[in-house]
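The values are calculated or read from the model by the stated rules, or taken from the named source; none is laboratory data. It should be emphasised that the depicted structure is a prediction, and the values quoted were computed from it without experimental measurement. For neighbour counting, all protein chains shown are included, and Cβ atoms are generated from backbone atoms with ideal geometry for every residue, glycine included. In case anyone asks, the SASA skips ligands and DNA or RNA and just uses the protein heavy atoms, side chains included. Shrake-Rupley method; radii C 1.70, N 1.55, O 1.52, S 1.80 Å.
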Amino acid sequence: MNIEKVTGEKKQYLDLLLLADEQEDMIDKYLERGEMFVLDDHGVKAECVITKESEGVYELKNIAVLPNYQRKGYGKYLIEFLVKHFSDCNVLFVGTGDCPSTLSFYHNCGFTESHRVKNFFVDNYDHLMFEDGIQLVDMVYLKRVC
């Protein structure tokens, strides 16, 4: 298993990016200013994009694992890599929908709930968003102390 930084054309991984954020113009808001990493385990299985928001504060903007490879530890492995790679990280934030399975994943990775942005998905996306049959309305921000 190998994690590589993507320094060239990040949009070559658009299919993976869209698994975590299904509207391309929303991805465009953070993709170029963020650092992107792919996890290769006999082929690319996962990706993530992280941004530095301020001194010691990072935000995981996108993390996705190919559907056939989910629940095999790839996502957690990527998060642990990021925490070690960014040695100046004091806190890592991630925003997600209010979906029990996704929140459970982040809790298992050491995140706790920080705050919510009301109506984020309704106000910022051009269509209704659903995950596991649940309509996403508020953005739930979680944080992990590094």
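Against the definition (among the hydrophobic types (A, V, I, L, M, F, W, C), touching a residue at least 40 places away in the same chain (Cβ under 8 Å) and out of contact with any strand residue (DSSP E or B) (no Cβ under 6 Å at 6 or more places or on another chain)), how does V94 come out, yes or no? So V94 fails the test.
Inside the stretch 1-43, residues that are farther than 16 Å from Y74 by Cβ, in a loop (DSSP other than H, G, I, E, B) and of a type outside the set (S, T, Y) make up a count of 10. You will find that of S101, S114, the residue that is open to solvent by 20 Å² or more (accessible area, probe 1.4 Å) and either in a strand (DSSP E or B) or closer than 24 Å to N2 by Cβ (or both) is S114 and no other. Among residues belonging to the stretch 118-129 that are in contact (Cβ under 8 Å) with a residue 24 or more places away in the chain and in contact with a helix residue (DSSP H, G or I) (Cβ under 9 Å, 6 or more places away or on another chain), point out the one that is farthest from G73 (Cα to Cα). Out of the qualifying residues, it is D126.
Identify all residues within the stretch 97-117 that are under 23 Å from M26 (Cα atoms) and either in contact (Cβ under 8 Å) with a residue 60 or more places away in the chain or of a type in the set (G, A, S) (or both); write none if there are none. Within the stretch 97-117, G97, S101, S114 qualify. Tallying residues that are open to solvent by less than 30 Å² (accessible area, probe 1.4 Å) and in a strand (DSSP E or B) within the stretch 59-98 yields 12.
Scanning the stretch 7-31 for residues that are over 19 Å from M129 (Cα atoms) and either within 15 Å of the chain's Cα centre (by Cα) or surrounded by 17 or more Cβ atoms within 10 Å (Cβ to Cβ) (or both) returns K10, Y13, Y30, L31. Which of the residues belonging to the stretch 117-146 are part of a strand (DSSP E or B), open to solvent by 40 Å² or more (accessible area, probe 1.4 Å) and farther than 27 Å from K84 by Cα? Hits for the stretch 117-146 are V117, F130, E131, I134, Q135. Condition check for V44 on (1) in contact with a strand residue (DSSP E or B) (Cβ under 7 Å, 6 or more places away or on another chain); (2) closer than 28 Å to H115 by Cβ; (3) open to solvent by 20 Å² or more (accessible area, probe 1.4 Å): one failure, at (2). Is one or more of the residues making up the stretch 50-58 closer than 15 Å to D15 by Cβ, in contact with an Asp or Glu (Cβ under 7 Å, 6 or more places away or on another chain) and either modelled with pLDDT of 95 or more or open to solvent by less than 40 Å² (accessible area, probe 1.4 Å) (or both)? For the stretch 50-58, residues closer than 15 Å to D15 by Cβ, in contact with an Asp or Glu (Cβ under 7 Å, 6 or more places away or on another chain) and either modelled with pLDDT of 95 or more or open to solvent by less than 40 Å² (accessible area, probe 1.4 Å) (or both): absent.
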